[in-house]
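*Asks:* Below you will find the structure I want to go over with you.
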Amino acid sequence: MENLNKIEKDLLEQIAGLHEIPEGAYNIRKDGKLLSRRVNANIDIVSKEDKPGIDIFIKPGTKNQSIHIPVIVAEAGLKDLVYNDFHIGKDCDVTIVAGCGIACGSSEDEGHDGIHSFYLEENARVVYIEKHLAVGGGKGKRILNPITNIEMKKNSYMKMETSQLGGVTSSVRDTNAVLGEGAKLEINEKIMTADDDYAETNFNVDLNGKDCSTHVVSRAVAKNNSHQVFKSVVNGNNKCFGHTECDAIIMDKANIIAKPEITASSTDASLIHEAAIGKIAGEQIVKLQTLGLTEAEAEQEIISGFLK
């Protein structure tokens, strides 16, 4: 941590909840290089030899342990790229905290592309938390393009929580998942854009195994002249349940496109999609103003509650 300045430390705390060395295994990356790493008897982290990134191996039966793998980008003009593969053993129950913070102080663009692949064995359980944030007064673009690939075996479970709540100029997120028998995938996305920001999220889930299920839920706020695109494709290929939902608030001259899509290839597939886009109701603002809040404070209070 001593190799980070105050801005970088603040970013690390916001994206990964770290203000000191964490318990458990971790791999902290800064400006395209390893900053610090720790492993233990149940979790091993190995640098790839053929490309940038790491392999994380979690032994079968590992319970109640955490892995932190945050990234900080502060070098002007750096376009960072990593391939991180997570091998989750049978009967595991672990929490993985990732995320990227960009500190832009120049006119040069900065970015990070994290390609994460998860391989869950039978009965494995994973909570995966990923936060994106960009700060700084530089005029360069802050670009984040994460890709997440998920393969889930019998009766495995994964909860994926992603948030991007400020400062990112451009982002395209692709998430692809294939579920086996009895597997369950929950995805909760929170995203906010402002100014001229652009954000696109693409979810593609194949429900291949009998009695597998997924819930894909997005909460979005678009301000100023920003633009967002939400696409979700759920394919029911067996007896399964799938639900995809997008709720969004639009403000100023922003634009949001929601494209939920469901495809049933089995008569036993049960699939639902929902999408709702609207502005903040005037009566909500008035009600909060009666409590002493200004209009701007009332709007922020509503947005914070919506994205909570």
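The values are calculated or read from the model by the stated rules, or taken from the named source; none is laboratory data. Bear in mind the structure is a predicted one, so any value in this text is a computation, not a measurement. Here the Cβ is made from the backbone with ideal geometry for all residues, glycine too, and neighbour counts use every protein chain on show. Heavy atoms of the whole protein, side chains included, go into the accessibility calculation; ligands, DNA and RNA do not. Shrake-Rupley method; radii C 1.70, N 1.55, O 1.52, S 1.80 Å.
*Asks:* Tell me whether segment 231-308 comes out rounded, prolate or oblate; compute the Cα gyration tensor, take square roots of the eigenvalues as a ≥ b ≥ c, and use a/c under 1.5 as the rounded threshold.
*Replies:* Judged from the Cα gyration tensor, segment 231-308 comes out prolate (a/c at least 1.5, a/b above b/c).
*Asks:* Still on this model: Could you state how much accessible area Arg125 has, in square angstrom rounded to the nearest 10, with a 1.4 Å probe and all protein chains kept in place?
*Replies:* 110
*Asks:* With all protein chains present, calculate the accessible area of Val286 using a 1.4 Å probe and round the result to the nearest 10 Å².
*Replies:* 80
*Asks:* Follow-up. How big is D for the chain, in µm² s⁻¹ as a whole number, if Stokes-Einstein is applied with the Kirkwood radius of its Cα pairs at 25 °C and 0.890 mPa s?
*Replies:* It diffuses with D of about 121 µm²/s by this estimate.
*Asks:* Still on this structure, please answer the following. Students sometimes get this wrong: rank Glu23, Glu189 by accessible area, probe 1.4 Å, all chains present, largest first.
*Replies:* Glu23, Glu189
*Asks:* Can you list the lysines whose alpha carbon sits under 24 Å from that of Lys287, skipping same-chain ones fewer than 8 residues off?
*Replies:* Filter leaves Lys223, Lys279, Lys308.
*Asks:* Let me ask something additional. Using a Cα-Cα cut-off of under 18 Å, which lysines could be cross-linked to Lys48, ignoring same-chain neighbours fewer than 8 residues away?
*Replies:* Qualifying lysines at Cα under 18 Å: Lys30, Lys33.
*Asks:* Within 10 Å of each candidate Cβ there may be at most 12 other Cβ atoms; applying that plus a DSSP loop requirement, which GluC sites (Glu not before Pro) in segment 42-119 survive?
*Replies:* Sparse-neighbourhood loop GluC sites (Glu not before Pro): Glu49.
*Asks:* Could you pull out every one of the lysines with an alpha carbon less than 16 Å from that of Lys210, ignoring same-chain neighbours closer than 8 positions?
*Replies:* Leaving aside lysines fewer than 8 places away in the same chain, those within reach of Lys210 are Lys153, Lys154, Lys184, Lys239.
*Asks:* Order Ser270, Ser232, Ser170, most accessible first, counting only protein heavy atoms with a 1.4 angstrom probe.
*Replies:* Heavy-atom accessible area, descending, gives Ser270, Ser170, Ser232.
*Asks:* Taking the highest mean first, how do the peptides 137-145, 290-298 order by number of other beta carbon atoms within 10 angstrom per residue?
*Replies:* Result, highest mean first: 137-145, 290-298.
*Asks:* Taking a 1.4 Å probe, which of His68, His215 shows the most accessible area, and what order do the others take after it?
*Replies:* His215, His68
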